[in-house]
Amino acid sequence: MLDRSAPVFVAGHRGLVGSSVLRRLQVEGFSDLRTVGREDLDLRDQSAVDAWFDAERPRYVFLVAGTVGGIHANSTRPAEFLYDNLMIHGTVVQAAHRTSVDKLLYLGSSCIYPRLADQPITEEALLSGPLEPTNEGYALAKIAGIKLCETYRRQYGDDFISAMPTNLYGPGDNFDLEGGHVLPALMRRFHEASEAGDASVTVWGTGSARREFLHVDDLADACLFLMDHYSGAGHVNVGTGVDLTIRELAEAVRDLVHPSAELIFDTTKPDGMPRKVLDVSRLSDLGWTASTSLVDGLVDTYRWFLDAAERGELRL
Ligand code: GDP
């Protein structure tokens, strides 16, 4: 178990995951949470990151920072996704090692797995085949992050662990229509169509790609669970183990936000990986399972979206 009074660094605390991790740690009674905004620390800069670690001396690190985005952002800005993430993972892992951090959790992504991996995807599928081209840069950086944790553990004995979440959503998500992921993008598109009185909404791709969605608060709970109870070399999948088609997702969002809307599929847009659902048996064997249903999660996220829009605080 982590010591609740020790200094904890949440790297990436303003993002979807980081803000949820921070809320979870506060609820759990962690009394010394350290964060820093990107205007004050460029996590890609090793000497700046070293200076920050020397000054703050965290004992635990949640490395959940990175340049992230949906299928369009990933496929049109591959250099940024590769460079930014490679650097951020490298600088923070190295600084954590050099300052003898007690434990670090690194957050990867399910896109590390081969495009045609057997489904549900087990942890062993890593590096067993070619990657999905639409997010190859991001995936390569994430694979390097896992290997950093593994090799620092092997060479130096550092207690660095990695978790691989499936597609995430929830309060604090990025609702940008071009750069964001499917769930927030569809939620916003249905919302705007409803406001404008439009009868139809466009969904990218064929609608037949299959994805699994995990509420970010479940992920934050799993991250803390792993920090408290897991110290192995192998990365651990985090998901629900349940997937659905993009058409089914779009229908669920429609039913909540704009029930009379008709769906139009724009097949000039890519589907990306045909199917992505994680085998979560390693994590459930350790004693953790997700608790938020997709319907409840959609309601919660839409409520947050409406509140944030009213306050003018949406990340677009
Ligand atoms: P991915 O899991 O890395 O492919 O991430 P995304 O969340 O960006 O996309 C998931 C699937 O949703 C893909 O098959 C997309 O083509 C499809 N999709 C449908 N409509 C949208 C949309 O408006 N935005 C995004 N990002 N994806 C969409």
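I'd like to check something: does the stretch 167-182 contain any residue that is surrounded by fewer than 23 Cβ atoms within 10 Å (Cβ to Cβ), aliphatic (A, V, I, L, M), near the ligand (Cβ under 9 Å from one of its atoms) and outside any helix (DSSP H, G or I)? Scanning the stretch 167-182, I find at least one residue that is surrounded by fewer than 23 Cβ atoms within 10 Å (Cβ to Cβ), aliphatic (A, V, I, L, M), near the ligand (Cβ under 9 Å from one of its atoms) and outside any helix (DSSP H, G or I), so the answer is yes. P274 passes all but one of (1) of a type outside the set (V, I, T); (2) modelled with pLDDT of 95 or more; (3) surrounded by fewer than 19 Cβ atoms within 10 Å (Cβ to Cβ); which number fails? Of everything listed in (1) of a type outside the set (V, I, T); (2) modelled with pLDDT of 95 or more; (3) surrounded by fewer than 19 Cβ atoms within 10 Å (Cβ to Cβ), P274 misses just condition (2).
Annotation note: Cβ proximity below 9 Å between a residue of the stretch 2-18 that is polar (S, T, N, Q) and a residue that is buried (at least 17 other Cβ atoms within 10 Å of the Cβ) and at pLDDT 95 or above (sequence gap 6+ or interchain) occurs for S5/F30.
Suppose we filter the stretch 20-54 for residues that are within 24 Å of L86 (Cβ to Cβ), of a type in the set (S, T, Y) and touching a residue at least 12 places away in the same chain (Cβ under 8 Å); how many remain? Walk me through it before giving the result.
Here is the first cut: in the stretch 20-54, the ones within 24 Å of L86 (Cβ to Cβ) are 21, 34-54.
Narrowing the set further to residues that are of a type in the set (S, T, Y) leaves 35, 47.
Applying the additional criterion that residues be touching a residue at least 12 places away in the same chain (Cβ under 8 Å) yields 35.
Number satisfying all stated conditions: 1.
Here the helices (runs of 4 or more DSSP H) wholly within the stretch 1-103 that include at least 3 residues being surrounded by 15 or more Cβ atoms within 10 Å (Cβ to Cβ) and hydrophobic (A, V, I, L, M, F, W, C) are 16-27, 46-56, 78-98. Taking the conditions (1) at pLDDT 95 or above; (2) within 14 Å of the ligand (Cβ to nearest atom); (3) touching a Pro at 6+ places or on another chain (Cβ under 9 Å) in turn, D217 satisfies each one other than (2). Count of the stretch 115-130 residues, restricted to those that are surrounded by fewer than 20 Cβ atoms within 10 Å (Cβ to Cβ), under 24 Å from G66 (Cα atoms) and within 14 Å of the ligand (Cβ to nearest atom), is 1.
The values are calculated or read from the model by the stated rules, or taken from the named source; none is laboratory data. None of the values given here were measured: they were computed from a predicted structure. Cβ: placed from backbone, ideal geometry, glycine included. Neighbour counts: every protein chain shown.
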